[in-house]
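This report refers to the structure that appears directly beneath it.
The values are calculated or read from the model by the stated rules, or taken from the named source; none is laboratory data. In this text the structure is predicted, and so the values were computed from the model without any measurement. Here the Cβ positions follow ideal geometry from the backbone for every residue, glycine too, while neighbour counts run over all protein chains shown. Just so you know, the surface numbers come from the protein's heavy atoms only, side chains and all, with ligands and any DNA or RNA stripped out. Shrake-Rupley method; radii C 1.70, N 1.55, O 1.52, S 1.80 Å.
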Amino acid sequence: MKRRNFVKKTILSSMATVIGADIVFGALMPEGYQPLALQDPDPYKMFNKDKGMEVLNDKPWNIEAKAHLLDDKITPNKYMFIRNNGLIPSNIDSTNWTLTIDGESVKHQKKYSLAELKSKFPQYTYQLTLECGGNGRSEFDPPAKGNQWTVGAVSCAQWTGVRLRDVLEDAGIKNDAVYIGYHAADMHLSKDPNKEPISRGVPMAKALQEETLLAFKMNGEDIPLVHGYPLRLVAGGWPASVSGKWVNRISIRNKVHDGTKMTGTAYRLPCEPVAPGENVKDEDMCIIESMPVKSLITYPKSGAMIDRGQQLKIRGHAWAGELEVAIMEYSIDFGATWKACPIEKPVNPLAWQHFSAEIDFQKKGYYEVWARATDIQGVSQPMVLPGWNPKGYLNNACHRIAVKVK
Ligand SMILES: Nc1nc2c(c(=O)[nH]1)N[C@H]1C(S)=C(S)[C@@H](COP(=O)(O)O)O[C@H]1N2
Ligand SMILES: [Mo]
């Protein structure tokens with residue numbers, strides 16, 4: 001008689017992670033069987049997200065936060081946006097997970113297990129701001145295709161791991177190295193194993209920066225599956241698309257990495273400003289590097305009501321890609337005048353900074369509070385939309401909330 005094959009333990013445990021509960025009789029489940037919970041999933045339960053989060057797409061899963069949900073100084077998992085280009089890997093076996101370092105410009109191609117990475121190299125913890133290049137896309141006109149992010153595709157969690165630099169140097173970097181490119185375990189939407197959903201990278205200087213991590217912990221725990229378990233590249237301050245989730249290979253390239261979504265118009269802006277709706281040739285598009293200065297009022301929620309004579313306390317975060325935010329201001333008169341308010345120093349480079357203010361209103365009625373950050377090079381957020389671009393990237397317009405004084 002032929003033996004019935006059962007599901008492997010490691011697969012069972014990753015299914016349990018996705019479902020959010022142990023599969024009690026899982027050992028009796030036939031191999032290849034898809035539990036119903038994985039066929040019609042509740043994204044909030046599946047990803048441990050707050051019910052206030054907004055699902056923008058389920059194929060692939062893309063979920064954003066709201067400004068008021070991002071009030072924590074360190075973003076907890078339940079409020080962290082999800083951006084996937086492909087299918088979340090469902091059969092991760094962390095005990096046999098390996099990271100390969102290869103490419104034209106590696107001296108010795110090497111393969112590390114997770115345990116080796118953790119024991120061989122020193123570990124570091126940083127708070128790192130990750131913002132999707134398309135955050136704010138929904139406001140562009142003419143509209144840009146893609147997920148219609150409003151303001152919630154940004155997070156600043158605490159990441160722990162080893163420095164990418166230490167691992168790359170252990171393998172050896174040839175003099176002609178220009179870029180790194182990541183490869184990961186997620187699958188293309190077409191399920192074609194020869195296609196990658198995304199494979200991006202950064203120039204060597206960014207790869208070798210102290211804060212660029214190969215992370216295995218987020219907020220002190222194993223990284224949640226959807227955010228890259230068991231190993232994730234985290235390069236704060238750049239479009240979050242360079243922070244590869246589920247990474248299993250990093251190539252040291254002797255040219256600009258040419259993986260999926262590095263070429264064409266993906267994560268690129270017109271090298272020179274263009275008029276709204278203008279056609280731009282691929283060769284006139286330039287790769288986005290550091291993200292621009294931006295801020296978010298996370299308290300109160302837009303629509304707040306206060307009594308006349310009462311002060312309105314506001315707070316939020318500001319960030320500026322590779323740079324620090326130097327000045328934080330707010331306006332209650334649609335940007336006619338601005339008042340400076342305190343902004344804290346970042347806890348480490350590439351972490352967002354916190355601001356707060358107490359605002360007095362002279363008359364009752366409707367107001368808007370606008371927030372504006374300025375980076376250390378003197379560049380401020382635009383009050384309304386910045387320059388239009390074909391893919392709807394880098395909308396860093398001032399965030400605004402509505403307030404009624406009774
Ligand atoms: N392997 C892999 N890494 C990836 C992606 C992906 O689809 N696959 N999406 C990228 C993009 S575009 C963004 S904005 C961030 C989102 O990270 P998060 O889902 O943890 O918030 O992951 C990046 N890393
Ligand atoms: Mo993104």
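Laid out as a table, the results:
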{"item": "GNM top mover of Leu114, Leu128, Leu231 - the chain, alpha-carbon springs below 10 Å", "result": "Leu114"}
{"item": "GNM top mover of Ile88, Ile223, Ile314 - the chain, alpha-carbon springs below 10 Å", "result": "Ile314"}
{"item": "Residue order for Glu344, Glu211, Glu196 - accessible surface, 1.4 angstrom probe, largest first", "result": "Glu344, Glu196, Glu211"}
{"item": "In the stretch 40-106, GluC sites (Glu not before Pro) in a DSSP loop with at most 16 other beta-carbon atoms within 10 Å", "result": "Glu104"}
{"item": "Unmatched cysteines, the chain - criterion: no other Cβ of a Cys under 4.7 angstrom", "result": "Cys132, Cys156, Cys341, Cys398"}
{"item": "Surface accessible to a 1.4 Å probe, Glu116 within the full protein complex, Å²", "result": "80"}
{"item": "Expected 222 nm ellipticity per residue - DSSP helices of 4 or more, -39500 (n - 2.57), all of the chain, to 500", "result": "-2000 deg cm²/dmol"}
{"item": "With 10 Å bins from 0: P(r) over the stretch 182-293, alpha-carbon pairs, percent", "result": "13, 40, 33, 13, 1"}
{"item": "Accessible surface, 1.4 Å probe, highest first, among residues Cys341, Cys286", "result": "Cys286, Cys341"}
{"item": "Whole-number accessible area per residue in Å² for the chain, which is evaluated in the context of all protein chains at 1.4 Å", "result": "47"}
{"item": "Set of aspartates and glutamates with alpha-carbon distance to Lys118 below 19 Å, sequence-local pairs under 8 removed", "result": "Asp93, Asp166, Glu169, Asp170, Glu210, Glu211, Glu221, Asp222"}
{"item": "Per-residue ³J(HN,Hα) for the stretch 135-148, Karplus 6.51 cos²θ - 1.76 cosθ + 1.60, θ = phi - 60°, Hz, x for Gly and Pro", "result": "4, x, 4, 4, 8, 6, 9, x, x, 9, 5, x, 4, 8"}
{"item": "The stretch 318-366: Rg to Rh, with Rh as the Kirkwood radius over Cα pairs", "result": "1.08"}
{"item": "Largest to smallest principal axis extent of the C-alpha atoms in the stretch 284-384, angstrom", "result": "49, 34, 21"}
{"item": "Long pairs among Lys195/Lys345; Lys73/Lys107; Lys9/Lys78; Lys261/Lys313; Lys313/Lys345; Lys245/Lys294, criterion Cα-Cα beyond 31 Å", "result": "Lys195/Lys345; Lys73/Lys107; Lys261/Lys313"}
{"item": "Positive-pole candidate from His188, Leu225, Gly259, dipole of the stretch 170-318, charges at beta carbon", "result": "Leu225"}
{"item": "Ranking by accessible area, most exposed first, for Tyr367, Tyr179 with a 1.4 Å probe", "result": "Tyr367, Tyr179"}
{"item": "Helix axis angle, 9-19 relative to the chain longest principal axis, alpha carbon, degrees", "result": "20"}
{"item": "Spatially proximal lysines relative to Lys364 (Cα-Cα < 16 Å; intrachain offsets below 8 disregarded)", "result": "Lys404, Lys406"}
{"item": "Area accessible to solvent at Trp238, 1.4 Å probe radius, in Å²", "result": "20"}
{"item": "Cα gyration tensor category, rounded, prolate or oblate, for the chain with a/c compared to 1.5", "result": "prolate"}
{"item": "C-alpha center-to-center spacing [the stretch 317-365, the stretch 119-153] in angstrom", "result": "20"}
